[in-house]
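Report on one structure; see the data block that follows.
Throughout, read-outs are computed from the coordinates displayed, never taken from laboratory work. None of the values given here were measured: they were computed from a predicted structure. Because the Cβ atoms are built from the backbone with ideal geometry, glycine has one as well, and the counts that use them run over all protein chains shown.
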Amino acid sequence: MFGDIPQPVLNRMAFLEAVDGRDRFDGTPKMQRLRQIPAESGRFLAFLAASAPAGNWIEVGASGGYSGLWLSLACRLRNQKLMTFEVLPEKVRLANETFQAAEVSDLIELVHSDARLLLASYHPVGFCFLDAEKDIYLECYEQVIPNMAVGGFLVADNVINHQEELKIFIDRVFNDRRVDALIAPIGKGLLVCRKV
């Protein structure tokens, strides 16, 4: 999976990494920045998704499509499709460009909508990645977990660098007997839940 990443995917990853690096230091307003995961988080997500049980694969927060590119590697390996949600029009446009340029549009369906309006309709869910505004994590979690396949993974980003903001969410997960959970100190902190 990592040994033969297609060149169009590598090219687009490099482009988005450059855009993200520039935006972090040029004063671009926070909401407009890509705020994408680091490459090590992407590798971990693809590795985990490749081990997920059968079911829908969902991403909440497409941004510019960077994490979707990493997940597309597991999609291709597993003959799976990723459903990714984004609410901001400029990021939807960029993500569409990303998936087309990287030649992964056949593996990823981009939905311009608030995921909370549709999440409950997906079942079973084999894999879910949350990387959106932090105030919606708990609501998304509560919609996905009841429909998650046994052995399915839900991963939430930014749980170390936004630990205080996400305290209620993190506490809920660690007290939820429906899942086993841990925090992986990868990138900005990934909360990994496995449905039991």
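At a glance:
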{"read-out": "Percent RCO, i.e. relative contact order, over the chain, from Cα pairs under 8 Å lying at least 6 residues apart", "value": "20"}
{"read-out": "Burial ranking of peptide ranges 57-69, 106-118 (average Cβ count within 10 Å, highest at the top)", "value": "57-69, 106-118"}
{"read-out": "Extent along principal axes [Cα atoms of the chain; Å; largest to smallest]", "value": "42, 38, 31"}
{"read-out": "Order of 174, 2, 129 - criterion: other Cβ atoms within 10 Å of each residue's Cβ, fewest first", "value": "2, 174, 129"}
{"read-out": "At least 20 Å along the helix axis (C-alpha) and Kyte average at least 0.0, DSSP helices within the chain", "value": "none"}
{"read-out": "Pairs of lysines in the chain (C-alpha under 29 Å apart; 8 or more residues apart or interchain)", "value": "16"}
